[in-house]
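The values are calculated or read from the model by the stated rules, or taken from the named source; none is laboratory data. Fair warning: this is a prediction, and the values are worked out from it, not measured in the lab. Note that each Cβ is placed from the backbone with ideal geometry, even for glycine, and that neighbours are counted across all protein chains shown. Accessible surface is based on the protein model in full, side chains and every heavy atom, while ligands, DNA and RNA are left aside. Shrake-Rupley method; radii C 1.70, N 1.55, O 1.52, S 1.80 Å.
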Amino acid sequence: MFKRRFQRKRRVLVIGLDCASPDLIFNDFRTELPTFSRLMDGGTWGELESCIPCITVPAWTVMLSSRDPGVIGVYGFRNRSDYSYGEMATADNVQIRVPRVWDILSDAGRESIVLGVPPTFPVRPLNGHLLSCFLTPNTGSTFAYPAMFKQEVLKLAPDYAFDVKDFRTDDKARLHRQLLDLTDVQHKIALHTLKTKSWDFFIHVNIALDRIHHGFWRFHDPAHRAHEPNNPFRDVIRNYYKLLDQHAAALIAAADDALVLVVSDHGVKRMDGGVCFNEWLWRNGWLTLKTPPAEGKLTRFEDADIDWEQTRAWASGGYYARLFLNVRGREPLGMIAPEEVAAVKRELSAALLHIPDPNGRTFPMQIYAPEDIYQRVNGIAPDLIVYPGDLHWRAVGSFGHGRHWTLENDTGQDDANHAQHGMFILHDAAQRGRGQIDGAQIMDIAPTILDRMGIKPTAEMQGKIL
C-alpha cells in the first residue's frame, strides 16, 4: 500500500498556528520574528488558500487528510445531524471518517505525536501519543492516548487547559492573562513530549492565537472601527507573535534535524459588523414568524416562533452564513418542491447580492453551492454557503435587531473574522527551498508531509505535493 521513496526516514515537525496571518508574519512583524524569518530565508513559503468555509473545524481535517469539507461531511463547527428544525450539533472527532496523516503513518509503522489538533476529541488510537483539542470539555474526560499519557500530562501540568472558553469578553486583562497561561502550559507539554517520546511526525496546534485575534484585533488594527490609539492592549498581538517565534525556536532545537513546517488553517481580518440573515429573510418574505420579534430584544433563531409551513429559507449564524431551504419531502414541513430547488437557489442568490450595507451600497457576497465546489457532498450540507461583506462581516442568526445589519456581535464581543488565506513555511535543512511561491492550498499539506517522509500519498488525496 505504501512506497518508501527515500532510504532515510525523514522526521517532520509541524507547528500549527490557528488563524495565523501571512501579512503579519511575512511583512509587518518579520524583522521581530527571527525564527520564522530564518525558516523563510532557507525554505519555501507563501500564502495558503484555506477551504470553504475557512474555519477551524473542518479546516485542520481538510489540511491533514487532503479531502474537502464535502467529502468529510463537516461544514463548520456546528452541523445539522438530521433534516429536522432542531439545534445543530457540535462537530467532533466522531464525525471524522477520513484518514489523516497520523492514521496513514500508523499503518506504515511510523510513530506520531499529535497535540491539540481540532477535532481530536473524543480520542482514537494511533501509533504514538495524542492529546486532544479545544473541544475537550475538561481534564476529567479521556483526553489522551494512550490512557497513561493523561496522568503524565496532569503530573506535569495539573492546571492543563485546552482553551479559554469565554474569549468573547470585554474583560481584556483577564482574557490576556488566561491566554498567556494557556500558551505556556501547552508549550511546556509540547516541549516535554517532543523531548521524551519517540516520534517520526510531530504536530502541535496553538489555538490561543485565534483567540488573541478575536479578542484584541481592534487594539492592533487602526482600520478597525473601534480602534483606540495608544490603548493599553495595542501590542498584545505583536508581542504574542514574538512569543510564538520564541516557542518555535525551542521546538525546532529539540527536534534536531527534522523538516519544519509552520502552517495556519486560515488567516484573519478585521470584523466590521454582522449581517442579520434571518432578519433579512423575514423582512423579505423568505421566512415567516408567527410572533414578530420585539425590536431591541434579541431572540435566538432556535427560540423564535417560526411558521415553517410558510418559510422557504433560514440561516445559521457564524463567521460565514449557511442558508438552508425548506424542501418538501426533505424537511418535515417543507414547502419547496424538489424540482424547484435549483431555481429557488438561483433566486435567493440573486437577492442576496442586493442586500444594502449601512451606507446604502450592496454588501459584497461570495455565494457557493456545495455541489459546485466539493468533490462529493456527504452529510447534510447547507444549500448555500455565503461569505458576507468579503468576510469583514459575519453572519448573525438572531432576530430583534430592527434592521438587517448590526455593529454588535450577538454572541459576545468579537473583533476579527477569518480570512480565506492562511500561511505556510516549509524548511528542510537538507536542501534549500524555493523561496516565496504562489498557488498553494490547504489540501497540499498532507501529501507534502507524506512525500517528505518517503511515503506515497494516497490516491484519494485531492492536493498536490508542494
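In this Cβ point-charge picture (+1 for Lys and Arg, -1 for Asp and Glu), the chain has a dipole of about 1340 debye about its Cα centre.
Extension gain for residue 341 to residue 156 (0.36 nm times residue separation, less C-alpha to C-alpha distance): 61.0 nm. Net length available on complete extension from residue 249 to residue 195 is 18.0 nm, with 0.36 nm assigned per residue and the Cα-Cα distance removed. Computed from Cα atoms, the angle from the helix 341-352 axis to the main principal axis of the chain rounds to 90 degrees.
At 1.4 Å probe size, with the rest of the protein present, what percent of the exposed accessible area of the chain is carbon and sulfur atoms?
Percent of accessible area from carbon and sulfur atoms in the chain: 48.
Eigen-decomposition of the gyration tensor built on the alpha-carbon atoms of region 314-466 gives equivalent ellipsoid semi-axes of 37, 23, 13 angstrom, largest listed first. Straight-line reach from residue 290: taking Cα to Cα under 25 Å and skipping same-chain neighbours fewer than 8 places apart, the lysines in range are 345. Among beta bridges identified by DSSP and lying wholly in the chain, the antiparallel ones come to about 55 percent. In sequence order, region 267-272 has phi-based couplings of x, 9, 8, 4, 9, 8 Hz under the Karplus curve 6.51 cos²θ - 1.76 cosθ + 1.60, θ = phi - 60°, and Gly or Pro positions carry x. Helix 56-65 and the long axis of the chain differ in direction by around 50°, with both axes built from C-alpha atoms. Here the label points at residue 148 and residue 9, each 7 Å from Cα along the C-beta direction, are separated by 2.1 nm in the simple model. Relative to one another, the C-alpha centroids of region 103-151 and region 20-60 are positioned 25 Å apart. Cα centroid distance between region 206-259 and region 339-368, in Å? Cα centres, region 206-259 to region 339-368: 36 Å. Ordering 115, 148, 241 by Cα displacement along the dipole of the chain toward the positive end leaves 148 in first place; charges were set at the Cβ atoms of Lys, Arg (+1) and Asp, Glu (-1).
What Kirkwood radius, in Å to one decimal, follows from the Cα pairs of region 228-367?
Answer for region 228-367: a Kirkwood hydrodynamic radius of 19.4 Å.
Of the trypsin sites (Lys or Arg not before Pro) found in region 353-441, those in coil by DSSP whose Cβ has at most 10 other Cβ atoms within 10 Å are 361.
Let me spell out the model: positive unit charges on the Cβ of Lys and Arg, negative unit charges on the Cβ of Asp and Glu, origin at the Cα centre of region 17-166. What dipole size does that give, in debye rounded to 20?
On the way: 12 positive and 18 negative charges, 97 e Å.
Using only the charged Cβ atoms, the result is roughly 460 debye.
Report the relative contact order of the chain, percent, no decimals, based on alpha-carbon pairs under 8 angstrom and at least 6 residues apart.
Numbers: 1033 pairs, mean separation 133.4, N = 466.
Over the chain, the number comes to 29 percent.
Using 31 Å as the Cα-Cα cut-off, could you pick out the over-long pairs in 9/188; 165/297; 172/197; 195/242; 155/464?
Numbers: 9/188 27 Å; 165/297 25 Å; 172/197 37 Å; 195/242 23 Å; 155/464 42 Å.
Exceeds cut-off: 172/197; 155/464.
Estimated from helical segments only, the mean residue ellipticity of the chain at 222 nm is -8000 deg cm²/dmol, where each DSSP H run of four or more residues counts as -39500 (n - 2.57).
The alpha carbon convex hull volume per residue for region 152-307 rounds to 192 Å³. Think of a 1.4 Å ball rolled over the protein heavy atoms: region 156-226 then has 37 Å² of accessible area per residue.
Relative to the longest principal axis of the chain, what angle (0 to 90°, nearest 10) does the C-alpha long axis of helix 236-254 take? Here the helix axis deviates by roughly 40 degrees.
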